[in-house]
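The block underneath contains the structure these notes are about, expressed in structure tokens.
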Amino acid sequence: MHDHDHDTPPFTPEQTAAALNPPPGRTGGDLVVETLYGLGATTVFGLPGQHALGMFDALRRSPLDYVGLRVENNAGFAADAYGRITGEVAPLLLSTGPGALTALAALQESAAASAPVLAVSSQVPAAGLGGGRHGYLHELRDQQASFRDIVKSVHPVRAASQIPSAIAAAWESALTAPHGPVWVEIPQDVLLAETSLPPVTAMDATPRELPPRPELTAVAAHALSHAERPVIVAGGGVVRSDAAGKLRALAEKLDAPVVTTFGGKGAFPWEHPLSLQSWLEDRHTTDFLEAADVLLVVGSGLGELSSNYHTFRPRGRVIQIEADLGKLESNHPALGIHADARNALSALLDSVEERHDPDAAASVRTVLAKVRERIAAQDLALERRVLASVREALPAASPSFWDMTILAYWAWSAWPGPMHSGQGAGGLGYGFPAALGAAAADRTKPVLAVSGDGGAMYSIAELATARQYDLPVTWLIVDDGGYGILRAYMTDAFGESSAAEATELSRPDFVALAESFGVPAVRTTPEGLRDDLAKALAAPGPSVVVLPAVLKMFAPTHLDA
């Protein structure tokens, strides 16, 4: 049976004439940017290199906006944030060998966090492919192999006519649940060679749906409808699939408390009567989850951080909805439902029976009170004041991006609402370049980046990017003189002298350094942080706020489990 919905629309005579007489001077690089634009891209990130120049030359003939960063890994982090904020594919243009490999850590973060990044890399000329060692600059024996373990899919191109279809297939892969990074690789000579192919028109790369199997939905709905103590764990999959509304409706229909993972922050309203918030590294929360007779886990693999460092031992029945097949039942036996969170929550919402539990909200309040008592019993007034000051200074609609630093570890548990961090893969340097990517997606509101001094040094070069594109990013650098969290870990494990050897850092005057890039900067104090940060966020363009402070983490609860 013919599906008329997928017929190619007829060309007009004018379009046919244009296709028969393509403009001269176009190359394989033009096919790349035409395809990206035809698929709906508006902004691309990257960094040029010798083999990739065909793509970058073609950019000037295209309507695409280009944001060029100074380090490929930072360009990858910027693309990652763009994908997270918009839910759209973020193209990342890279060169061969070292240029491509430098982006590996960023692509690992995108894979862990399910961010839709489409990396297009150049390759040595086609004559140098096939496993021989020809001695081309940047040559790798098998460049694809370096990315295969990280990205969702790899799409090699060897001729110009393959470019549009390869990029469209990669685009579809990036947006099919679970979202993730994909890799397209095109030889230098293919990018540079003139092409007589007509310009690429609008392309179709609709992601595949991932619905739940109906018999599994029926079993899950029955279990939830008849549970005595149902609880929901909401992970990053809820955020990526834009399913927060469905989740809230289901929780309210079931009267089920909800805890969000660190990657799922924003999936459920922080102050909702059923919200357990995000205190996953607290034993009171872990105990409550263990006591559930039916635990619905949506869009989370219950990995290390979400399971209080694998001390979580569920006693009830677990139902796990997960788009990443490899995460289904990877940590706990469950009724595993391989589905996109939005589709599965929608099916459950239609299938569950309404239940009322007058004790649900009270039980949530009890857990949160115990958590507050535990934190209040520790000497953490400085840390709580600093985090509160950041929250008060940041406009409600502004996104925030956090590096792997002590204040971010606090924010995972205590930040009231959406936040974005590099905790998927856990590499340093995410916060500032990611914030630049988010600002490129929406320049109408300020964006906050938070780093420690150690992580900030990974991203200093991007102050030039912030200034060049006049991006509205305020960068808060908490300067504690080293790798603060590693200092704490090493002191606990090996003693003070070992920590001093490995974690204490000589560092620049961050205020003077920022100003040398033409970026206004101020040194603040815990008392002045809120006002200084609010002022910086309100000013147009980029800015830096430096807070010299040694922060501590709250005591862990998993070591005694």
Within segment 439-450, is there a residue that is under 22 Å from Val238 (Cβ atoms), outside any loop (DSSP other than H, G, I, E, B) and either at pLDDT below 95 or of a type outside the set (A, V, I, L, M, F, W, C) (or both)? no
Of the residues Gly431, Gly454, Gly437, which is more than 20 Å from Ala90 (Cβ to Cβ), touching a Gly at 6+ places or on another chain (Cβ under 9 Å) and small (Gly, Ala, Ser)? Gly454
Could you list, in sequence order, all residues of segment 268-305 that are within 26 Å of His222 (Cβ to Cβ) and open to solvent by 20 Å² or more (accessible area, probe 1.4 Å)? His272, Pro273, Phe288, Ala291, Asp293
Selection within segment 121-141 - under 19 Å from Leu93 (Cα atoms) and of a type outside the set (A, V, I, L, M, F, W, C): Ser121, Ser122, Gln123, Pro125, His138, Glu139
Residue check: is Gly130 among the small types (Gly, Ala, Ser), in a loop (DSSP other than H, G, I, E, B) and without any contact (Cβ under 8 Å) to a residue 24 or more places away in the chain? yes
Which residues, taken from segment 359-394, are over 30 Å from Asp532 (Cβ atoms) and of a type in the set (Asp, Glu)? Asp359, Glu373
Test result for Val184, more than 30 Å from Phe288 (Cβ to Cβ) and either under 29 Å from the mean Cα position of the chain (by Cα) or of a type outside the set (A, V, I, L, M) (or both): yes
When you go through Ala456, Ala466, Ala438 one by one, which is the residue that is within 25 Å of Gly180 (Cα to Cα), out of contact with any Cys (no Cβ under 9 Å at 6 or more places or on another chain) and open to solvent by less than 40 Å² (accessible area, probe 1.4 Å)? Ala438
Residue within segment 490-513 that is modelled with pLDDT of 90 or more and not in a helix (DSSP H, G or I) present: yes
Does Glu504 fit the bill of being over 21 Å from Tyr409 (Cβ atoms) and of a type outside the set (Phe, Trp, Tyr)? no
Scanning segment 228-244 for residues that are more than 21 Å from Asp357 (Cα to Cα) and surrounded by fewer than 24 Cβ atoms within 10 Å (Cβ to Cβ), the one modelled with the lowest pLDDT turns out to be Asp242
Within segment 306-328, how many residues are open to solvent by 30 Å² or more (accessible area, probe 1.4 Å), under 25 Å from Pro207 (Cα atoms) and either assigned to a loop (DSSP other than H, G, I, E, B) or in contact with an Asp or Glu (Cβ under 8 Å, 6 or more places away or on another chain) (or both)? 2
Among the residues of segment 361-371, are any touching a Phe, Trp or Tyr at 6+ places or on another chain (Cβ under 9 Å), among the small types (Gly, Ala, Ser) and open to solvent by less than 60 Å² (accessible area, probe 1.4 Å)? yes
I'd like the full set of residues that are crowded, with 24+ Cβ neighbours inside 10 Å and either assigned to a loop (DSSP other than H, G, I, E, B) or aromatic (Phe, Trp, Tyr) (or both), limited to segment 179-205. His179, Gly180, Pro181, Trp183
Quick one: how many residues across segment 79-98 are aliphatic (A, V, I, L, M), open to solvent by 10 Å² or more (accessible area, probe 1.4 Å) and not in a helix (DSSP H, G or I)? 0
Quick check on Ala256: is it part of a loop (DSSP other than H, G, I, E, B) and crowded, with 22+ Cβ neighbours inside 10 Å? yes
Any pair with Cβ under 9 angstrom, 6 or more apart, that starts in segment 236-247 at a residue that is touching a residue at least 40 places away in the same chain (Cβ under 8 Å) and within 18 Å of Leu175 (Cα to Cα) and ends at one that is surrounded by fewer than 21 Cβ atoms within 10 Å (Cβ to Cβ) and among the acidic types (Asp, Glu): Gly237/Asp324
Just checking, which of Asp189, Asp204 is under 26 Å from the mean Cα position of the chain (by Cα), charged (D, E, K, R), over 22 Å from Leu349 (Cβ atoms) and at pLDDT below 95? Asp204
In segment 533-554, residues that are open to solvent by 50 Å² or more (accessible area, probe 1.4 Å) and either closer than 20 Å to Glu392 by Cα or among the small types (Gly, Ala, Ser) (or both) total 4
Only one residue in Ser421, Ser389 is buried (at least 21 other Cβ atoms within 10 Å of the Cβ), in contact with a Leu (Cβ under 7 Å, 6 or more places away or on another chain) and polar (S, T, N, Q), so which one is that? Ser389
Regarding Pro116, is this residue open to solvent by 40 Å² or more (accessible area, probe 1.4 Å) and in contact (Cβ under 8 Å) with a residue 24 or more places away in the chain? no
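The values are calculated or read from the model by the stated rules, or taken from the named source; none is laboratory data. As the structure is a computational prediction, the values presented were derived from the model and not from experiment. Please note: Cβ atoms are built from the backbone with ideal geometry, for glycine as well, and neighbour counts cover all protein chains shown. Note: areas computed on protein heavy atoms with side chains; ligands, DNA, RNA excluded. Shrake-Rupley method; radii C 1.70, N 1.55, O 1.52, S 1.80 Å.
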